[in-house]
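Reading through the C-alpha coordinates given below for one structure.
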Amino acid sequence: MIIDRKNAAQFCEDLRRQGKKIVFTNGCFDIIHAGHVRYLTTAKNFGDVLIIGLNTDDSVRRLKGASRPINSQADRAEVLLGLKAVDHVIYFGEQTAENLIGEVKPDIYVKGGDYTLETLPEAAIVQSYGGRVELVNLVAGRSTTNIISKILAEKK
(Lines give C-alpha, C1' and ligand atoms only; values in the text may rest on other atoms or scores of the structure.)
Protein backbone atom coordinates (compact mmCIF):
# COMPACT_ATOMS: atom_id res chain seq x y z
CA MET A 1 0.00 0.00 0.00
CA ILE A 2 1.18 3.52 -0.74
CA ILE A 3 1.17 5.62 2.41
CA ASP A 4 0.40 9.31 1.97
CA ARG A 5 3.38 11.24 3.31
CA LYS A 6 1.19 13.44 5.51
CA ASN A 7 -0.11 10.31 7.27
CA ALA A 8 3.24 8.50 7.57
CA ALA A 9 4.02 9.36 11.20
CA GLN A 10 0.58 8.30 12.47
CA PHE A 11 0.56 5.17 10.31
CA CYS A 12 3.90 4.07 11.76
CA GLU A 13 2.85 4.91 15.30
CA ASP A 14 -0.18 2.64 14.81
CA LEU A 15 2.14 -0.16 13.65
CA ARG A 16 4.33 0.30 16.74
CA ARG A 17 1.27 0.11 19.01
CA GLN A 18 0.52 -3.25 17.36
CA GLY A 19 4.00 -4.41 18.41
CA LYS A 20 5.41 -4.34 14.87
CA LYS A 21 9.11 -3.76 14.25
CA ILE A 22 9.43 -1.26 11.39
CA VAL A 23 12.24 -1.57 8.85
CA PHE A 24 12.84 1.27 6.41
CA THR A 25 15.02 1.78 3.37
CA ASN A 26 14.94 4.24 0.53
CA GLY A 27 16.03 4.72 -3.04
CA CYS A 28 15.10 5.23 -6.67
CA PHE A 29 14.48 1.55 -7.55
CA ASP A 30 14.24 2.53 -11.21
CA ILE A 31 14.76 -0.83 -12.92
CA ILE A 32 14.25 -3.65 -10.44
CA HIS A 33 16.89 -6.39 -10.69
CA ALA A 34 18.10 -9.37 -8.65
CA GLY A 35 20.31 -7.15 -6.50
CA HIS A 36 17.28 -5.13 -5.43
CA VAL A 37 15.26 -8.26 -4.66
CA ARG A 38 18.03 -9.75 -2.51
CA TYR A 39 18.61 -6.43 -0.75
CA LEU A 40 14.91 -5.93 0.03
CA THR A 41 14.48 -9.53 1.17
CA THR A 42 17.42 -9.13 3.55
CA ALA A 43 15.99 -5.83 4.80
CA LYS A 44 12.59 -7.36 5.50
CA ASN A 45 14.22 -10.10 7.59
CA PHE A 46 15.27 -7.46 10.15
CA GLY A 47 11.67 -6.82 11.23
CA ASP A 48 7.95 -7.21 10.65
CA VAL A 49 7.07 -4.42 8.21
CA LEU A 50 9.25 -3.10 5.38
CA ILE A 51 8.54 0.45 4.27
CA ILE A 52 10.28 1.89 1.22
CA GLY A 53 10.94 5.61 0.86
CA LEU A 54 10.71 5.97 -2.93
CA ASN A 55 12.28 8.96 -4.64
CA THR A 56 9.79 10.94 -6.71
CA ASP A 57 10.43 11.37 -10.41
CA ASP A 58 11.72 14.92 -9.88
CA SER A 59 14.16 13.84 -7.18
CA VAL A 60 15.46 10.98 -9.35
CA ARG A 61 16.17 13.50 -12.13
CA ARG A 62 18.08 15.69 -9.67
CA LEU A 63 20.09 12.70 -8.42
CA LYS A 64 20.63 10.72 -11.63
CA GLY A 65 20.25 13.20 -14.51
CA ALA A 66 17.66 14.28 -17.06
CA SER A 67 17.32 10.86 -18.69
CA ARG A 68 16.13 9.23 -15.48
CA PRO A 69 13.98 7.77 -14.17
CA ILE A 70 13.31 5.18 -16.84
CA ASN A 71 10.07 4.17 -15.06
CA SER A 72 7.61 6.59 -13.45
CA GLN A 73 7.21 6.72 -9.69
CA ALA A 74 3.78 5.10 -9.98
CA ASP A 75 5.24 2.21 -11.99
CA ARG A 76 8.22 1.86 -9.64
CA ALA A 77 5.89 1.77 -6.63
CA GLU A 78 3.67 -0.84 -8.26
CA VAL A 79 6.64 -3.11 -8.99
CA LEU A 80 8.01 -2.71 -5.45
CA LEU A 81 4.63 -3.47 -3.90
CA GLY A 82 4.47 -6.61 -6.04
CA LEU A 83 7.54 -7.96 -4.26
CA LYS A 84 6.93 -10.31 -1.36
CA ALA A 85 9.30 -8.41 0.94
CA VAL A 86 7.77 -4.95 0.50
CA ASP A 87 4.80 -3.90 2.59
CA HIS A 88 4.46 -0.15 1.99
CA VAL A 89 5.84 2.71 -0.09
CA ILE A 90 6.06 6.41 0.76
CA TYR A 91 7.09 8.94 -1.90
CA PHE A 92 9.64 11.58 -0.97
CA GLY A 93 11.25 14.34 -2.99
CA GLU A 94 14.13 15.54 -0.87
CA GLN A 95 17.83 14.95 -1.63
CA THR A 96 18.09 12.58 1.36
CA ALA A 97 15.55 10.64 3.40
CA GLU A 98 16.44 12.37 6.69
CA ASN A 99 13.13 14.23 7.06
CA LEU A 100 11.08 11.18 6.16
CA ILE A 101 13.03 9.03 8.61
CA GLY A 102 12.31 11.64 11.28
CA GLU A 103 8.62 11.14 10.58
CA VAL A 104 8.61 7.34 10.25
CA LYS A 105 11.17 6.67 13.03
CA PRO A 106 11.88 3.10 11.90
CA ASP A 107 13.34 0.66 14.37
CA ILE A 108 15.87 -0.35 11.73
CA TYR A 109 17.16 1.65 8.78
CA VAL A 110 18.79 -0.42 6.04
CA LYS A 111 21.15 0.80 3.32
CA GLY A 112 23.63 -0.79 0.96
CA GLY A 113 27.14 -1.71 1.98
CA ASP A 114 28.55 0.96 -0.30
CA TYR A 115 27.84 3.33 2.62
CA THR A 116 29.43 3.59 6.05
CA LEU A 117 27.87 5.12 9.15
CA GLU A 118 30.10 8.14 8.54
CA THR A 119 29.01 8.64 4.91
CA LEU A 120 25.31 7.91 5.43
CA PRO A 121 23.49 11.22 6.04
CA GLU A 122 20.47 9.49 7.62
CA ALA A 123 22.49 7.54 10.21
CA ALA A 124 22.65 10.37 12.78
CA ILE A 125 18.88 10.88 12.88
CA VAL A 126 18.22 7.13 13.22
CA GLN A 127 20.69 6.89 16.08
CA SER A 128 19.29 10.05 17.74
CA TYR A 129 16.01 8.32 18.65
CA GLY A 130 17.57 4.92 19.43
CA GLY A 131 17.06 3.25 16.06
CA ARG A 132 19.58 0.90 14.47
CA VAL A 133 21.33 1.17 11.10
CA GLU A 134 22.10 -2.02 9.15
CA LEU A 135 24.41 -1.95 6.14
CA VAL A 136 23.73 -4.80 3.71
CA ASN A 137 26.25 -6.08 1.16
CA LEU A 138 25.36 -5.27 -2.42
CA VAL A 139 25.25 -7.92 -5.12
CA ALA A 140 28.33 -7.42 -7.30
CA GLY A 141 27.64 -6.36 -10.86
CA ARG A 142 23.92 -5.73 -10.30
CA SER A 143 22.83 -2.14 -10.76
CA THR A 144 20.36 -0.11 -12.75
CA THR A 145 23.25 1.90 -14.19
CA ASN A 146 24.88 -1.31 -15.48
CA ILE A 147 21.61 -2.44 -17.05
CA ILE A 148 21.15 0.89 -18.82
CA SER A 149 24.77 0.86 -20.03
CA LYS A 150 24.34 -2.66 -21.41
CA ILE A 151 21.15 -1.68 -23.26
CA LEU A 152 22.81 1.39 -24.75
CA ALA A 153 25.91 -0.59 -25.79
CA GLU A 154 23.77 -3.21 -27.54
CA LYS A 155 21.79 -0.51 -29.29
CA LYS A 156 24.94 0.85 -31.04
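Do we have D107 as of a type in the set (D, E, K, R) and crowded, with 17+ Cβ neighbours inside 10 Å here? Here the answer is yes, as D107 does meet what is asked. With the structure loaded, tell me whether A85 is free of Cβ contacts under 8 Å to residues at least 60 places away in the same chain, within 17 Å of E134 (Cβ to Cβ), assigned to a loop (DSSP other than H, G, I, E, B) and hydrophobic (A, V, I, L, M, F, W, C) or whether it fails that test. Criteria met by A85.
Residue-wise test of (1) touching a residue at least 12 places away in the same chain (Cβ under 8 Å); (2) charged (D, E, K, R); (3) not in a loop (DSSP other than H, G, I, E, B).
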residue	(1), (2), (3)
N7	no, no, yes
D14	no, yes, yes
K20	yes, yes, no
V23	yes, no, yes
N26	yes, no, yes
I31	yes, no, no
G35	yes, no, yes
Y39	yes, no, yes
T42	yes, no, yes
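Pairing each residue of the range 117-139 that is touching a residue at least 24 places away in the same chain (Cβ under 8 Å) and under 18 Å from E103 (Cα atoms) with any residue that is charged (D, E, K, R) and not in a helix (DSSP H, G or I), provided the two are 6+ apart or on different chains, yields C-beta distances under 7 Å for Y129/K105; G131/K105; G131/D107; R132/D107. Out of everything in the range 48-68 that is in contact with a strand residue (DSSP E or B) (Cβ under 8 Å, 6 or more places away or on another chain) and touching a residue at least 40 places away in the same chain (Cβ under 8 Å), what residue ends up being farthest from D14 (Cα to Cα)? Once the filter is applied, the top-ranked residue is G53.
Within the range 90-104, restricting attention to residues that are closer than 16 Å to L63 by Cα and among the charged types (D, E, K, R), the residue that is surrounded by the fewest Cβ atoms within 10 Å (Cβ to Cβ) is E94.
Looking at the range 121-136, is at least one residue at pLDDT below 95, closer than 23 Å to H33 by Cα and either surrounded by 15 or more Cβ atoms within 10 Å (Cβ to Cβ) or in contact with a strand residue (DSSP E or B) (Cβ under 9 Å, 6 or more places away or on another chain) (or both)? Yes, because at least one residue in the range 121-136 is at pLDDT below 95, closer than 23 Å to H33 by Cα and either surrounded by 15 or more Cβ atoms within 10 Å (Cβ to Cβ) or in contact with a strand residue (DSSP E or B) (Cβ under 9 Å, 6 or more places away or on another chain) (or both). Filtered by the rule that a residue be within 19 Å of A43 (Cβ to Cβ) and either in contact with a helix residue (DSSP H, G or I) (Cβ under 6 Å, 6 or more places away or on another chain) or crowded, with 19+ Cβ neighbours inside 10 Å (or both), the range 60-82 gives R76, A77, L80.
Only residues that are buried (at least 16 other Cβ atoms within 10 Å of the Cβ) and in a helix (DSSP H, G or I): list them for the range 44-59, please.
Within the range 44-59, K44, D57, S59 qualify.
The values are calculated or read from the model by the stated rules, or taken from the named source; none is laboratory data. Computed from a prediction, not measured in an experiment: that's the story for all the values here. Here the Cβ is made from the backbone with ideal geometry for all residues, glycine too, and neighbour counts use every protein chain on show.
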